[in-house]
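Notes for the one structure printed next.
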Amino acid sequence: MSIPVDPITAPARVKALAAGAALTPVWRNDLGGVTFATDDGRYIKHGPRNAETSMAGEAQRLRWAARFTPVPRVLEEGADATTEWLVTAAMPGRSAVDPRWVAEPAVAVRAIGEGLRALHDALPVTECPYDWGVPARVENAAERGIRVPEALRVPPPTDRLVVCHGDACAPNTLLDDDGSWTAHVDLGALGVADRWADIAVAAMSTGWNYGPGWEDALLAAYGVDPDPQRMAFYQELWNET
């Protein structure tokens, strides 16, 4: 996933959804999808259909999570034979990988950790209809032609079951101008799992976005002691799936 640097022409569907609003590409994912910001306070996510997550599934998860925690409001969703799209209302704040926060990694990492803990504490496990546990992830990977190694099919004992974000990488936390987290975005894989499935990925992503040495700060902000076994397992599972 990355911020686009080359010019991107908006597909016809995106232009139609924009309905005359100016479009700025703000994010490109590894599956060929692009998210555009409009100048009237919306985000339009558009990309190819894929077996990993669906935008219809993300819309369902956003509507569910919005009952408990700040996430984007769904405005429109749809699909055709080859592509899908999701339109949401903009949320207050800037991504934790906005240049402002890349220049202040200590502030950004603290907000990511605190925001993730708040998300886990807010979302009720017993009411969540979505699963992001290891068996479900292994099955999803198999549907995409990925064979998960046997060593990653049996997780460590569960530390704490929570509703995980499912993609707790740094870009998916928003911060206000004071450096506090405001919301989470990109919840297409949200589901119940051990909290370390999210913590491990969030910690790993600090290295990708701010350089080495921030994992302990992330754990401290979340409020958990280091757990090398669970950290290693869920980071490797993420890389394999």
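General observations
- Residue match in region 102-121 (condition: part of a strand (DSSP E or B) and surrounded by 15 or more Cβ atoms within 10 Å (Cβ to Cβ)): no
- Residue in region 56-68 that is surrounded by fewer than 16 Cβ atoms within 10 Å (Cβ to Cβ), touching a helix residue (DSSP H, G or I) at 6+ places or on another chain (Cβ under 8 Å) and not assigned by TED's automatic domain parsing to the domain that holds D178 present: yes
- With respect to being in a helix (DSSP H, G or I), closer than 25 Å to G115 by Cβ, touching a Ser or Thr at 6+ places or on another chain (Cβ under 8 Å) and at pLDDT 95 or above, L75 falls outside the description.
- Scanning region 9-27 for residues that are more than 27 Å from E240 (Cα to Cα) and at pLDDT below 90 turns up at least one hit.
- From D176, D167, residue being touching a residue at least 24 places away in the same chain (Cβ under 8 Å) and either surrounded by fewer than 20 Cβ atoms within 10 Å (Cβ to Cβ) or not assigned by TED's automatic domain parsing to the domain that holds A197 (or both): D176
- Pair list, Cβ < 8 Å and 6+ apart or interchain, from region 61-83 residues that are over 23 Å from W181 (Cβ atoms) to residues that are acidic (D, E): E77/E84; G78/E84
The values are calculated or read from the model by the stated rules, or taken from the named source; none is laboratory data. Everything quoted here is computed from the prediction, not taken from an experiment. We place every Cβ from the backbone using ideal geometry, glycine too, and count neighbours over all the protein chains shown.
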